[in-house]
Each structure stands twice: as structure tokens, then as C-alpha cells.
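Let me begin by presenting the structure, written as C-alpha cells, before commenting on it.
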Amino acid sequence: MKLNYDFIRELLLAIEEKTDGIVNFDYPDIIGDRFPTISTSMIEYHIKFLHDAGFIQCPRSSHLLIIDITPIGRDYLDNVRNIDIWEKTKDTAKSLGPITLDVIREVAKALILGHFGLK
């Protein structure tokens, strides 16, 4: 299955809204009816990916129970949170071809720094 970076961003935003860092949430409790057109297999694939990439914390027993977003995941989310930065990041990334989450984070970070004249 191909990663969907728009969905990863939306999924992290949904997780952030629900989690408290203590309670284990099953992913349907987190996303509810937020993604009616996304298949269960796509949701589970992306949650597993976020766990394997170290972006979300899950109990050892299951990657489908979610405790919280990790510091690495928060760093990524904070870089892509602003919709204008996100859209510019996607436009910039399109010209690069296939990319990783690290590249997306760095492109977004560069855009943010440039916005503040810190680049």
C-alpha cells in the first residue's frame, strides 16, 4: 500500500485531539467517523507505519491501541500543522519525486524558517 501523506497529517491531528498520554485508545475511538471514505486496511496500515516510524506510542501488545504521539511525531506534526505551510510543502515536494517523512518535515521546517526570515 502506498503512503498517503495527507492522511498521515490528518491522522496525527485526530490522534492529538483525543489522546492524553495515559489512556490506551483503540483507533476507532480516536478517529470515529472522521474518515468515512478511508478503508479500515488503509487506516491500520498508516497507524502501523506511524508506530514503526516512532511517531506514535502504542502498548507492546498492539499497534492498534494508541497512547500518544511521540516527541518525533509531534515535531513532524508541528512542522506540517499550518495548512498554508502544508500546501506549500506538498507543492515543493512534488518536484522532488518520491520522498520520506523526514524530507517532508525538513521542507516544512525550511518554509517555516523562511517565513520568519531565519533561513
Looking only at lysines whose Cα falls under 17 Å of K48's and that sit 8 or more positions away or on another chain, we get K2
For T40 and V103, extending 7 Å from Cα along the Cα-Cβ vector and measuring point to point gives, in nm, a value of 3.4
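When each pair of different Cα atoms in the chain is counted once in the 1/r mean, what is the Kirkwood radius in angstroms, to one decimal? Don't skip to the end; give the middle numbers.
Details: mean 1/r = 0.0674 Å⁻¹.
In the chain this quantity evaluates to 14.8 Å.
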So for V107, V23, fewest C-beta neighbours within 10 Å to most, what's the order?
-> V23, V107
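Once every DSSP H run of n ≥ 4 in the chain is given -39500 (n - 2.57) and the sum is divided by its residues, what mean residue ellipticity at 222 nm do you get, rounded to the nearest 500 deg cm²/dmol? Can you show the working numbers first?
Values: 6 runs with 69 residues, N = 119.
For the chain, the value works out to -18000 deg cm²/dmol.
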Once you put a point 7 Å from the Cα of A14 and another 7 Å from the Cα of D84, both along the Cβ direction, what distance in nm separates them?
-> 2.8
Among R74, R34, R105, the residue with the largest mean-square fluctuation in a Gaussian network model of the chain built from Cα contacts under 10 Å is R34
Once both labels are modelled 7 Å past Cα along the beta-carbon direction, what's the I22-S62 spacing in nm?
-> 2.1
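Readers should treat all values here as calculations from the given coordinates under stated rules, not as data from a laboratory. All values derive from a computational prediction rather than experimental measurement. Heads up, the Cβs are rebuilt from the backbone with ideal geometry, glycines too, and the neighbour counts pull from every protein chain shown.
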